[in-house]
């Protein structure tokens, strides 16, 4: 398992260019820290797919809740945190800047060598629970349905 303090899952639509740019910022930061690919994934950037719908449903999101960033401490965590992202491709750049606070917190924890990250104090994020188990469970069920 990765020793990086967070797993980040972006659920977006193809028109959500601002959210795509946020993902790229996370990717650049994670790459600079040699974080494994498994810690950062994006679904939906090329359109609605069975994978996007399955992941969204498995995490308990309603249709249309994207774009959103889901953060968890490990693939076995049952609790995760969400941060809504700005929809669309123009405007709202200033409205949806709280992702920068989240990224700075992740970077600080990583740079300090922390293995876990407490996102609870961030007022911008909302705690949620995976009803059907953990992220691992959601992914395994999704893979079984897709195969």
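Where a number appears in this text, it was derived from the coordinates with a stated rule and is not lab data. All values derive from a computational prediction rather than experimental measurement. Please note: Cβ atoms are built from the backbone with ideal geometry, for glycine as well, and neighbour counts cover all protein chains shown.
Could you give the alpha-carbon Rg of the chain over 2.2 N^0.38 Å, rounded to two decimals? Show your work: numbers first, answer last.
Values: Rg = 14.5 Å, N = 147, 2.2 N^0.38 = 14.7 Å.
The reported ratio for this selection is 0.99.
Ordered by packing density, taken as the mean number of other Cβ atoms within 10 Å over each peptide's residues, highest first, how do 141-147, 7-13, 73-79, 41-47 rank? Each step should come with its number before you reach the end.
On the way: 141-147: 11.0, 7-13: 22.4, 73-79: 14.9, 41-47: 16.6.
Highest to lowest by the protection proxy: 7-13, 41-47, 73-79, 141-147.
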Chain lengthening between residue 126 and residue 24 when straightened (0.36 nm per residue, less Cα-Cα): 34.5 nm
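Going by C-beta contacts inside 10 Å, put 101, 111 in order with the fewest on the left. Intermediate results must be reported in sequence, preceding the final value.
On the way: 101 14, 111 9.
The fewest-first ordering by Cβ neighbours comes to 111, 101.
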message: Please report the antiparallel percentage of DSSP beta bridges with both residues in the chain, rounded to the nearest 5.
response: 75 percent
- line: The extension gain from residue 78 to residue 57, computed as 0.36 nm times the residue separation minus the Cα-Cα distance, is 6.1 nm
- prompt: Stokes-Einstein D for segment 70-135 at 37 °C, 0.692 mPa s, Kirkwood Rh over Cα pairs, in µm²/s?
  reply: 249 µm²/s
- line: What helix-only [θ] at 222 nm does the chain give? Using -39500 (n - 2.57) per DSSP H run of at least 4, over all residues, to the nearest 500, the answer is -11000 deg cm²/dmol
